[in-house]
Amino acid sequence: MAETSALPTGFGELEVLAVGMVLLVEALSGLSLNTLTIFSFCKTPELRTPCHLLVLSLALADSGISLNALVAATSSLLRRWPYGSDGCQAHGFQGFVTALASICSSAAIAWGRYHHYCTRSQLAWNSAISLVLFVWLSSAFWAALPLLGWGHYDYEPLGTCCTLDYSKGDRNFTSFLFTMSFFNFAMPLFITITSYSLMEQKLGKSGHLQAA
């Protein structure tokens, strides 16, 4: 169905092309800006610190999201999904890995800043590397579960990209969604809010933040 040139039900050709153009702009902008961040980290010695390694992880994750959007933009402009069922599963997996890594990297950055500003001690390289590895391995683990049968990747309504199949309301998908959301949305949100709240309290008491 998604590999044919027929437009999906409820969508006109202009709408599909508009979505493709928006995704293309988003993808190219994201790739350009995140590539600049990655290049700056590699070329600027002052930025090659454990705390900035967490920022690098976020930039890599967001670059992956942009690449995922670029694939979706291409298929939208073609008005069909040309990569087959296996390509759909790969696209869904890659997009989910990078999305989860982006969320968890943001939480890691918040914790890293809390550690720096509130404990007045530098984050060690081994701690930063371990944290980045945990973020990516955890993201890959959760993204692989739909490939193994807990959850499911499928075409989005437009039929030009793939993600989790949110249309399923069975126990299998519901249990996956709630468990995954707790560990990959609720917990990172809690860590982020707690870290910045503690930083705000520290700032209120000291009146300034230690320079990074």
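Each reported figure results from applying straightforward, stated rules to the coordinates on display, with no laboratory input. Here the structure is a predicted model, which is why all the values come from computation and not from measurement. Glycine also receives a Cβ, built like all others from the backbone with ideal geometry; neighbour counts cover every protein chain displayed.
Taking the longest Cα principal axis of the chain as reference, the axis of helix 50-78 is set at about 10 degrees. Under a Cβ-Cβ limit of 4.7 Å, which cysteines in the chain have nobody to pair with? For the chain, the answer is Cys42, Cys51, Cys104, Cys118, Cys161, because their Cβ atoms have no other cysteine Cβ under 4.7 Å.
Taking other residues whose beta carbon is less than 12 angstrom from the beta carbon of Cys118, and scoring Lys, Arg as +1 and Asp, Glu as -1, yields +3. Sorting 101-108, 47-54, 162-169 by average packing, meaning the other beta carbons within 10 Å per residue, from highest down gives 101-108, 47-54, 162-169.
Given the choices (i) 157; (ii) 112; (iii) 141, volume of the Cα convex hull per residue in Å³ derived from the coordinates of this structure is entry (iii).
Seen against the Cα atoms of the chain and their longest principal axis, helix 84-119 is set at about 20 degrees.
GNM remark for the chain: springs join alpha carbons under 10 Å apart, and the peak mean-square fluctuation among Glu13, Glu46, Glu26 falls on Glu46.
List the relative contact order of the chain as a percent without decimals, with contacts defined as Cα pairs under 8 Å and 6+ residues apart.
Numbers: 263 pairs, mean separation 53.4, N = 212.
Worked out over the chain, it gives 25 percent.
Charge tally around Ser106: other residues with Cβ under 12 Å, Lys/Arg +1 each, Asp/Glu -1 each, net 0.
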